[in-house]
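Here is the structure we will look at.
Values in this text are rule-based calculations from the coordinates and carry no lab data. Here the structure is a predicted model, which is why all the values come from computation and not from measurement. Positions of Cβ are backbone-derived with ideal geometry, glycine not excepted, and every protein chain shown enters the neighbour counts.
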Amino acid sequence: MKILLVGSGGREHALGLGLHADPACTSLHVAPGNPGIAEFAQCHAIDISSNAEIVALAQEIEADLVVIGPETPLVNGVADDLRRLKIAVFGPSKAAAQLEGSKTFAKEVMSDAGVLTAQSFTCSTVQEYESALDTFGPPYVVKDDGLAGGKGVVVTLNREEALRHAIACGRVVIEEFLNGPEVSLFGISDGVSILAMQPAQDFKRAHDNDTGPNTGGMGAYSPLPWAPTEIIEETYTQVLAPMIAEMNARGTPFVGLLYAGLALTDHGSRVIEFNVRFGDPETQVLIPLLKTPLASLLFKAATGGLADTVLEWTDQSAVAVVLAADGYPGAPQNGSVISKIPNGENVKVFYAGISQSGESLIASGGRVLSVTGIGADLTEARDRAYRVISQISLPCSFYRSDIALNASVAEKGN
Ligand code: AMP
Ligand code: GLY
């Protein structure tokens with residue numbers, strides 16, 4: 001099977017390795033990819049904001065399967081263009097991608113599907129903002145209604161800051177604050193069936209102890225030793241399956257990866273958000289733990305054949321730590337040379353904002369790379385990830401030192 005994978009981040013590096021490891025994948029092409037992915041796949045420097053360029057490349061390489069990593073091409077409708085040409089695609093249609101593209105749309109579908117989420121108002125005027133903020137009180141949660149690269153949400157005790165963010169965004173969703181640990185739980189769907197993956201936890205804030213601004217994600221780990229054992233089954237019956245059924249009933253079936261971001265509150269779990277693609281950096285911990293061959297799995301999802309599939313996992317743990325350029329999630333300071341990228345046993349380094357300049361690797365994005373450690377438990381996985389990331393020298397960069405720390409301490413207490 002010839003596969004085209006679209007994207008260039010750590011998530012695509014992890015997905016690419018997973019696809020490449022499946023013997024069913026006879027050739028792997030990535031657009032545009034990065035220097036890490038180029039070590040095992042053929043990279044094509046196209047503009048993935050252009051549906052036409054993606055479609056032309058898929059035709060040129062005679063792709064049997066196209067896997068779309070990031071949300072933008074999905075929201076742009078590239079999956080529809082490919083399906084029109086009878087090319088199998090892992091990724092939702094433009095209509096179904098609105099689950100991530102519009103927070104208001106996601107709330108409507110959840111309401112129709114009976115899926116529990118934060119109460120909210122969609123607002124566009126200062127009067128509406130103020131009334132919604134005062135209805136819920138602090139902490140205030142204000143979300144840009146459209147795509148914002150994981151940076152459109154402000155959670156703050158400061159009413160002025162909440163109001164400023166709403167004014168800067170225009171159309172926003174203002175909602176009830178959900179208190180409780182967050183879990184990312186992904187489902188792989190062929191439009192009818194959905195398979196729940198094991199849960200992961202992401203670290204959204206830029207700095208240790210969950211301080212600093214929200215980012216796309218600074219680290220992740222899986223599995224979650226502290227989470228209730230029924231979380232997968234419950235999320236399947238209460239969230240994933242009803243969403244897939246509702247999207248079907250609307251005539252816009254969801255094929256691809258449905259990402260449920262959950263808050264485990266005192267009143268039970270509530271959906272914080274949906275994404276319509278694999279999470280980054282959760283993918284960098286989930287794919288190394290997944291035993292089910294990835295290329296065949298995603299092909300079955302793309303072609304309606306998931307019904308009898310069961311996901312298999314190793315019993316190991318994985319911890320990913322992101323190295324980001326100073327300034328991220330604002331304007332990152334780029335251009336520094338990454339002196340060396342060490343390898344370690346049971347460690348994988350996934351490239352993200354890295355470009356090649358002659359012999360050198362240069363930081364060229366907000367999140368530069370991530371290091372995943374794999375071990376018998378979280379403590380071992382964490383030690384391996386931190387040992388390697390601490391040896392990477394990149395001026396003007398930072399990483400969190402507390403990824404999976406509390407979970408690994410709790411695990412030892414068990
Ligand atoms: P989102 O882009 O919707 O995932 O939001 C980014 C982050 O903001 C989430 O991972 C949470 O940490 C936080 N957040 C979003 N919505 C809420 C909420 N209703 N209550 C508490 N925290 C929230
Ligand atoms: N890690 C959060 C996301 O991928 O949106």
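Just the C-alpha atoms of the range 361-414: what Rg/Rh do they give, with Rh taken as the Kirkwood radius? Could the numbers behind the result be given before it?
Working: Rg = 13.1 Å, Rh = 12.4 Å.
Taking Rh as the inverse mean 1/r over Cα pairs, Rg/Rh reads 1.05.
Choose one answer from 167, 374, 48: the residue with the largest mean-square fluctuation in a GNM of the chain with alpha-carbon springs under 10 Å.
167
Quick check for you: which residues of the range 196-232 have the amide N under 13 Å from the point 7 Å beyond the Cα of residue 401 toward its beta carbon?
208-209
In deg cm²/dmol, rounded to 500, what helix-only [θ] at 222 nm does the chain give when every DSSP H run of at least 4 residues adds -39500 (n - 2.57) and the total is split over its residues?
-8500 deg cm²/dmol
Please list, short to long, the whole-number percent of alpha-carbon pairs of the range 198-270 in consecutive 10 angstrom bins beginning at zero.
In order of increasing distance, the bins hold 16, 39, 33, 12, 1 percent.
Between beta-carbons, use under 14 Å as the cut-off and find the net charge around residue 191, counting Lys and Arg +1, Asp and Glu -1.
Its environment carries a net charge of 0.
Given 10 Å bins starting at zero, what is the percent of C-alpha pairs of the range 279-414 in each, up to the one with the largest pair distance?
Taking every Cα pair in the range 279-414, the percentages come to 12, 35, 29, 19, 4, 0.
Hey, which aspartates and glutamates would be in cross-link range of residue 340, C-alpha to C-alpha under 20 Å, not counting anything within fewer than 8 residues on its own chain?
Those aspartates and glutamates meeting the cut-off are 39, 326, 359, 383.
Greater than 22 Å separation of Cα atoms is the criterion. Which listed pairs, 103/204; 107/300; 86/300, meet it?
107/300, as the Cα separations exceed 22 Å there.
Dipole of the range 256-414 (Lys/Arg Cβ +1, Asp/Glu Cβ -1, origin at the Cα centre): which of 285, 336, 390 lies farthest to the positive side?
After comparing all options, I get 336.
Rounded to the nearest 20 debye, what is the charge dipole size of the chain about its Cα centre when +1 sits on each Lys and Arg Cβ and -1 on each Asp and Glu Cβ? Provide the component values of the computation, followed by the final result.
On the way: 28 positive and 47 negative charges, 116 e Å.
Using Cβ point charges on Lys, Arg, Asp and Glu, the chain gives about 560 debye.
Going by average Cβ density within 10 Å per residue, which order do the peptides 32-42, 303-313 take, highest to lowest?
Answer by packing, highest mean first, reads 32-42, 303-313.
Mean projection of the alpha-carbon convex hull of the chain over all orientations, in nm²?
Result: a mean projected hull area of 19.0 nm².
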